[in-house]
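The values are calculated or read from the model by the stated rules, or taken from the named source; none is laboratory data. Predicted model only: the values in this text are computed from it and were never measured. Glycine gets a Cβ as well: all are built from the backbone with ideal geometry, and neighbour counts include every protein chain shown.
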Amino acid sequence: MISIRNSQDCCGCTACKSICPKKAIKMIPDALGFLYPAVNEELCVNCGLCERVCSFNDHYDHSLNFLKPIAYGARHKDLSEIELSRSGAAFIALSDWVLQQGGAVYGAGFTDHFKVVHKRAVTKSERDEFRGSKYVQSELGDVFLQVKEDLRNGMIVLFSGTACQVAGLKSFIGAKLCEKLFLLDIVCHGVPSPYLWKEYLTYVERKKGSRAIKVDFRDKSELGWNSHQEKICLQNGEIFKSYDYTYLFYQNISLRKSCAICYYANTERPSDITLADFWGWEKTDSRMNMDNKGVSLLLVNTPKGENLLNYAKGNLNLYPADMKNVMQPNLQRPTTENPKRDLFEHEFDKKGFVFVAKKYGTLGFKYRLRQFFHVKVNQLRRIKNFLAGKK
């Protein structure tokens, strides 16, 4: 039976839970809301399936991959699709083709007041919920079983998620059923705590005295695509914008422990196609994102991925790119864990969001003091450089 002795060794993909013939495995949250498998030993028959299906290791399957990915900058030809999406709306073009074939698309959406979960879509309106970044680890529930059922029924399926979720599903489905399964992963910085997101949203609602009716983890409507600001629309008509949650995310202090040893943070992806923001697009074509509305990086990893792109490329402007110009950090190595991460988890569990946001984030005097000294240091550096240039 599967046994997680070190939380770093589990990415929470649910493959073990999904494959168990006796339903002996449940996913149990830790103090930050990350889910881990727990085995009911009274139901377990020691078949070993849960251990064999685990793909969070350095020998995950990428046997059908090209020697190196084929890279593109990608933008949807319909500007309105780009404006509604996080980057260049490449996902919309790819998933539109699947839906047109009567297929199903799986991606991260919302339930129970903006809890992030994976969902199934068979219409464009259902699929549109998957647009945009969601900086929380999504809960998969029984999605792997739903995907298998769709494939058994002869449907084309597109599954989008983090690389660890994709690798887990790929291992769970196996070779016999994968012919009509297209796998799409994202270049992932790491997945933040579900409970931190929940408490942050509660904090905003209490502060503003109104319930959230819409959230956007990265709003590009005013500051453009390369900004990173969350936006929460409230029932009273107010719009709350801040960097409070974003700041903690980029401290790498609330990420799942497994993110620090991610086996997929390289160019040997477990998917057919990889998507990301195309940072450094200027090196490929200085005209492709002149309006600052967003552009996708698209890596074609397998012949199946190449076929999917060929089906969908009628709706895309594609800009062939050299791999050396697209190598963002998480295509080279995992995100480094903040050394205070374990202390953060303990303090969040005992004292809640406001305490950790004041100590590690943007709330309160400590952040303002840090910002003050940061500005002063930069001012002194500029003066020093100016004086050095006068000599």
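So the values come out like this:
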item: Count of residues meeting criterion [assigned to a helix (DSSP H, G or I) and either in the same structural domain as L343 (by TED's automatic domain parsing) or surrounded by fewer than 21 Cβ atoms within 10 Å (Cβ to Cβ) (or both)] in the range 1-18; result: 3
item: Among residues of the range 28-44, those that are without any contact (Cβ under 8 Å) to a residue 24 or more places away in the chain and among the aliphatic types (A, V, I, L, M), counted; result: 3
item: Filter result (in contact with a Phe, Trp or Tyr (Cβ under 7 Å, 6 or more places away or on another chain) and surrounded by fewer than 24 Cβ atoms within 10 Å (Cβ to Cβ)) within the range 259-275; result: Y263, L275
item: Search result, residues across the range 1-50 that are of a type in the set (D, E, K, R) and over 19 Å from S138 (Cα atoms); result: R5, K22, K23, E41, E42
item: Count - residues of the range 237-254 that are crowded, with 19+ Cβ neighbours inside 10 Å, more than 17 Å from Q332 (Cβ to Cβ) and modelled with pLDDT of 95 or more; result: 2
item: Subset of the range 180-203 (residues that are out of contact with any Cys (no Cβ under 8 Å at 6 or more places or on another chain), buried (at least 21 other Cβ atoms within 10 Å of the Cβ) and β-branched (V, I, T)); result: I186, V187
item: Tally, over the range 255-278, of residues that are in a strand (DSSP E or B) and either farther than 22 Å from D342 by Cβ or at pLDDT below 95 (or both); result: 5
item: Residues located in the range 230-252, provided they are more than 22 Å from the chain's Cα centre (by Cα), in contact (Cβ under 8 Å) with a residue 12 or more places away in the chain and part of a loop (DSSP other than H, G, I, E, B); result: Q235, N236, E238
item: Enumeration of residues in the range 309-355 that are part of a helix (DSSP H, G or I), among the hydrophobic types (A, V, I, L, M, F, W, C), surrounded by 14 or more Cβ atoms within 10 Å (Cβ to Cβ) and within 23 Å of the chain's Cα centre (by Cα); result: L309, A312, L331, F344, F348, F353
item: Boolean, E81 is surrounded by fewer than 17 Cβ atoms within 10 Å (Cβ to Cβ), over 14 Å from the mean Cα position of the chain (by Cα) and at negative phi; result: no
